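A.B. asks: The structure under discussion is supplied below as C-alpha cells; questions concerning it will follow.
We did not get these values from a lab; they are worked out from the coordinates using the rules stated. Quantities reported herein were computed from a predicted structural model and do not represent experimental measurements. Every residue, glycine as well, gets a Cβ built from its backbone with ideal geometry; the counts of neighbours run over all protein chains shown.
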Amino acid sequence: MQLIYDVSHNIAKIEQHMVDGKERTLCVHRKGSTRAFPPHHPLIPVDYQFTGQPVLIGGTMGTCSYVLTGTDQGMQETFGTTCHGAGRSMSRAKSRRNLDFQDVLDALAAQGISIRVASPKLVMEEAPESYKNVTDVVNTCHEAGISKKCIKLRPIAVIKG
C-alpha cells in the first residue's frame, strides 16, 4: 500500500504569520486541530500548490470521512488551522459502560461495513455514538471559510488494532 498523504495534528510548530499587518514568528499550538494551508503557500508540497493543503478528516467506524483543503480565509483567521475530526461526545469509559459490543457490530453490518478488531472494548470506545457528527463539524468549518470540502468518503471496512 502506498502512502498518499500524512500530516500531524495535536502539535506545536514555529511558523510565520501575519498579525496586525506585520509578519510575526509564532508558536502555533494545534490541539484537536491540524494545519490547513491555502493554495500557493510555500510550506505545502508542490503537488498541492493549486489546491491547498489536504486535510484528512476521519469519521467513525460507521460514518463518512472527508478530505478538505486549506483556504486563504483560514490562513488569515486561524493561522491556517482547521478541525482534524469531529471530537468525542462520550468518553471512552462511558462508551464501554453504555454501549453493547454486539449492538455496535450489528449496526455496522446493517450499513454493509465489515470490521476486524483485536479487542471488543475498542468497538465500544470507537463506536459512531461516541463521537459528534462529523458532517456537522465539517460543514461548520466549510461554511466559516476556514477549510473547503473536497471529497466525502464512505467506510466499507474497519480494522481496529
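A.B. asks: Taking only the Cα atoms of region 3-141, how large is their convex hull per residue, in Å³?
C.D. replies: Once divided by residue count, the hull of region 3-141 is 137 Å³.
A.B. asks: Any aspartates and glutamates with Cα under 15 Å of the LYS152 Cα? List them, leaving off those in the same chain fewer than 8 positions away.
C.D. replies: ASP136
A.B. asks: I need the peptides 58-66, 102-110, 129-137 ranked by packing, meaning the mean over residues of other C-beta atoms within 10 angstrom, with the highest value on top.
C.D. replies: Result, highest mean Cβ count within 10 Å first: 58-66, 129-137, 102-110.
A.B. asks: Right, something else. May I ask which of LYS121/LYS149; LYS13/LYS132; LYS121/LYS148; LYS13/LYS121; LYS31/LYS121 have a Cα-Cα span longer than 29 Å here?
C.D. replies: Listed pairs above 29 Å: LYS121/LYS149; LYS121/LYS148; LYS13/LYS121.
A.B. asks: Oh, and also: Taking only Cα atoms, what is the 0 to 90° angle, nearest 10, from helix 101-110's long axis to the longest principal axis of the chain?
C.D. replies: Its long axis makes an angle of about 70 degrees.
A.B. asks: Right, here's the next one. Can you show me the helix-derived [θ] at 222 nm for the chain, built from DSSP H runs with n ≥ 4 at -39,500 (n - 2.57) apiece and divided by the number of residues, rounded to the nearest 500.
C.D. replies: Taken over the chain, the calculation gives -7000 deg cm²/dmol.
A.B. asks: Next question. Hey, which aspartates and glutamates would be in cross-link range of LYS94, C-alpha to C-alpha under 14 Å, not counting anything within fewer than 8 residues on its own chain?
C.D. replies: GLU125, GLU126, GLU129
A.B. asks: Could I ask something else about it? Cross-link partners among aspartates and glutamates for LYS22, C-alpha distance below 16 Å, same-chain residues fewer than 8 apart left out?
C.D. replies: GLU77
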